[in-house]
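**Q** Questions regarding the structure given below will be posed in turn.
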Amino acid sequence: MTGIFSARAIRATVLLCAILSGAGAAEAQDQTWAGPYLGVQAGGAEAGGLEFDGIVEPVMESMLRRRTGPGALQFPALLAGAEMSGPEIENRSPIYGIHAGWDWQAGAVVWGVELAVTRTETRISIGEDGLELDYAARLMGRLGYDAGDALVYVAAGPARAKFSAYGDMMDAAFTDDSFTATGLALAAGTEVRLRRGWTLGGEVVRHSYDDWDMADVSAELTTFSLKLTHRF
């Protein structure tokens, strides 16, 4: 990937976490990662992999029904069975949100659960039509390794998102202008201790939405964020 998800950006984040963790290394002794936590995150999102399989046909049929009579637009029959997909249907935007969770620990093994909600205005567009992501939420189980002043983890769980439709094509095909989608989120990240219970982390999450309430659609969303967390 390029842009906000470049290898350079990831390396810079890891280096920053390592530098800041040095300030809190002394406090890290005799501490565990167990307990509740609450924090905020900010970063960027990249949406892509959108496949409109099963949408083009009702779109065209609806537009034909609405545009009848003299001067009505005529669409070639071959468009009715077309598919609209491809990596060119993507966009990037900033994100921000909150997260909360609870960890348990046995030895160097840390496990827990986290709920995160992210706001963004990422658009998955085809010309002047498409979908805008309003929010993305996920509930993930986490499994990590306690490296002293750092926690390295992976996570997975269900994800849910709300999309708003925009453009003439979407308006012609659907009566509702917003849709929800569910799927799976996979994540990897690291968290380092600062001072007085604060931690700083970096996390990459890949969301795959394949269960929509409007049609046969699939989409992907990748987020990269810095997380500032307070552990109680």
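The values are calculated or read from the model by the stated rules, or taken from the named source; none is laboratory data. From a predicted model like this one, the values you see are computed outputs, not experimental measurements. Ideal geometry is used to build each Cβ from the backbone, glycine not excepted, and the neighbour counts take in all protein chains shown. Remember, those area values only see protein heavy atoms, side chains included, never the ligands or the DNA or RNA. Shrake-Rupley method; radii C 1.70, N 1.55, O 1.52, S 1.80 Å.
**Q** Taking 7 Å along the Cα-to-C-beta vector as the label spot, tell me the VAL109-SER93 distance in nanometres, rounded to one decimal.
**A** Reported label-point gap for VAL109 and SER93 is 4.1 nm.
**Q** Could you rank LEU200, LEU143 by how accessible they are, 1.4 Å probe, largest area first? Write out the running numbers ahead of the final one.
**A** Values: LEU200 20, LEU143 100 Å².
Correct descending sequence by accessible area is LEU143, LEU200.
**Q** Tell me, what HN-Hα J-couplings in whole Hz come from the Karplus equation 6.51 cos²θ - 1.76 cosθ + 1.60 at θ = phi - 60° for each residue of the range 188-200, using x for Gly and Pro?
**A** 9, x, 9, 9, 10, 6, 9, 9, 6, x, 8, 9, 10
**Q** Stretched out fully, how many nm does the piece from LEU184 to ASP134 gain, at 0.36 nm a residue minus the Cα gap?
**A** Difference between extended and current length: 16.2 nm.
**Q** Could you compute how much accessible surface HIS99 exposes when probed at 1.4 Å, giving the result in Å² to the nearest 10?
**A** Around 0 Å² of this residue is reachable by solvent.
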